[in-house]
Amino acid sequence: GKPAFKKAENATFSLTKSVKKLAGALGIAYGTQAVIAYGKASAKAFAEDEAAAKRLAGAVNNLGIGFANPAIADYIANLEKSAAIADDVLRPAFQGLLTTTGSLVQSQKLLNDALTISRASGIDLATVSSDLAKGYVGITKGLSKYNTGLTKAELNSKSFSQILDVLLQRSAGAAQDYLTTTSYKFDVLSVASQNASEIIGGGLVDAFALLAGGTDAKDAA
């Protein structure tokens, strides 16, 4: 009815005004078509983020520890802020480790270790966390790429925890040092921009769902 149309109209006006204001601060000229394109991309970003969060929550439920979902969400959110790595990278990395180890504590430790090794090696977090998950179950072949200084025979004979200790010793301080770089500052900006886009997208989904007389993304579509 009329109230729903009014809400959608207000949301569209607010989006246009907000995006143009942000664009002006960045010295970018945003026309109506650009705002529409941004709105579509934002709605898609929101939908993908929501789906990723549900996948992780589902994996946690399947392990019989659904009670931990709020704590896990807080852990991912805090790590996103401190490390300036988007939650859509952190969630699947954590999910892979949790599915492999079955332990919240161990998965959090390994994800933090993967972050340190990633910063030191320049190899992306998704690859590092996957290699650590495989190493945890005895498949250590992928760890040879991290310049451990160990021979192939030593990699095959040592336990995962021993190899991980070597990796962490060689990577010591890397994560902290990265926080002082220009690259980290750009990462912070990128994550903030992505989160802002997801928030705007969520608002658009709500507005169009109301317009259709519903409450969720299906109605918005």
> Of all residues in the range 47-77, how many are farther than 15 Å from Ser103 by Cβ and open to solvent by less than 50 Å² (accessible area, probe 1.4 Å)?
Replying inline: 12
>> For the list (1) aliphatic (A, V, I, L, M); (2) surrounded by 12 or more Cβ atoms within 10 Å (Cβ to Cβ); (3) out of contact with any Lys or Arg (no Cβ under 8 Å at 6 or more places or on another chain), I need the number of the one condition that Val137 fails.
In response: (2)
> How about the range 78-101: which of its residues are surrounded by fewer than 20 Cβ atoms within 10 Å (Cβ to Cβ) and either among the aliphatic types (A, V, I, L, M) or not in a helix (DSSP H, G or I) (or both)?
Replying inline: Leu79, Ala84, Ala86, Val89
> Looking at the range 150-192, which of its residues are in contact with a helix residue (DSSP H, G or I) (Cβ under 9 Å, 6 or more places away or on another chain), under 19 Å from Asp87 (Cβ atoms) and either among the basic types (Lys, Arg) or assigned to a helix (DSSP H, G or I) (or both)?
Replying inline: Ala175, Tyr178, Tyr184, Asp187, Val188, Val191
> Among all residue pairs at least 6 apart or on different chains, which show Cβ distances below 9 Å where the first residue, located in the range 166-194, is farther than 17 Å from Ala114 by Cβ and the second is open to solvent by 60 Å² or more (accessible area, probe 1.4 Å) and acidic (Asp, Glu)?
Replying inline: Gln194/Asp88
>> Looking at the range 119-142, can you tell me whether even one residue there is under 17 Å from Gly96 (Cα atoms), at pLDDT below 90 and assigned to a helix (DSSP H, G or I)?
In response: yes
> Within the range 168-199, can you find the residues that are closer than 30 Å to Ala37 by Cα and open to solvent by 50 Å² or more (accessible area, probe 1.4 Å)?
Replying inline: Thr182, Ser183, Lys185, Phe186, Val188, Leu189, Ser190, Ala192, Ser193, Gln194, Ile199
> Here are Thr182, Thr151: which of them is at pLDDT 85 or above and farther than 30 Å from Ser14 by Cβ?
Replying inline: Thr182
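The values are calculated or read from the model by the stated rules, or taken from the named source; none is laboratory data. Just so it is clear, the model here is predicted, and its values are computed rather than measured. Quick reminder, even Gly has a Cβ in these numbers, built from the backbone with ideal geometry, and neighbours come from all protein chains shown. Just the protein is used for accessible areas: all its heavy atoms, side chains included, with ligands, DNA and RNA removed. Shrake-Rupley method; radii C 1.70, N 1.55, O 1.52, S 1.80 Å.
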